[in-house]
Amino acid sequence: MQIISKQQLIEKLDNLKDHPFFLLDVREEDEFDSGHIPKAVLAPWHEIINKVKGLKPEVELITYCNTGVRAQKAAHSLEAHGFTDVSVYKGGWQDWLN
């Protein structure tokens, strides 16, 4: 698992067409509905494995939450289930807003 910064995430989002990945918002639905990073997909951390079923284990996944705690839990779970390219935007939604 890698930790990425806001700037790194912005660069990845800018290059999404050339280098596709999934940005997983692992917060709860009400949090997601109140605001989220563009292109993010809702995948609450406690449901993360069900949400990524069918994805190839080498697909790039980036998790984020409000501040980073749930995102790290989700990333560990993804790695435990065989995903090999997992990153955490540790600053999360709070950092994104600043």
Report, in debye and to the nearest 20, how large the dipole of the chain comes out about its Cα centre when Lys and Arg carry +1 and Asp and Glu carry -1 on their Cβ. 160 debye
Once residue 79 and residue 15 are pulled to full extension, the length gained, defined as 0.36 nm per residue separation minus their Cα-Cα distance, is 20.6 nm
Tally Lys/Arg at +1 and Asp/Glu at -1 over every other residue whose Cβ is under 14 Å from the Cβ of residue 81; what's the total? 0
Please list, ordered by chain and number, the residues whose modelled amide H lies under 5 Å from the amide H of residue 24; skip anything fewer than 5 residues away on the same chain. 41, 62, 63, 64
For segment 7-69 the GluC sites (Glu not before Pro) that pass both the DSSP coil test and the at-most-11 other-Cβ-within-10 Å test are 58
Of the trypsin sites (Lys or Arg not before Pro) in segment 1-77, which ones lie in a loop per DSSP and count no more than 10 other C-beta atoms within 10 Å? 17, 53
Quick one: plug the Kirkwood hydrodynamic radius of the chain (C-alpha pairs) into Stokes-Einstein at 10 °C, 1.306 mPa s, and report D in µm²/s. 122 µm²/s
Largest-first ellipsoid semi-axes for segment 27-75, taking √(5λ) over the Cα gyration tensor eigenvalues, angstrom: 18, 12, 11
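Every read-out reported here was derived from the displayed coordinates using simple, explicitly stated rules and does not represent laboratory data. Values in this document were obtained by computation on a predicted structure and should not be read as measured data. A quick note on method: Cβ atoms are made from the backbone with ideal geometry, for glycine too, and the neighbour counts reach across all protein chains shown.
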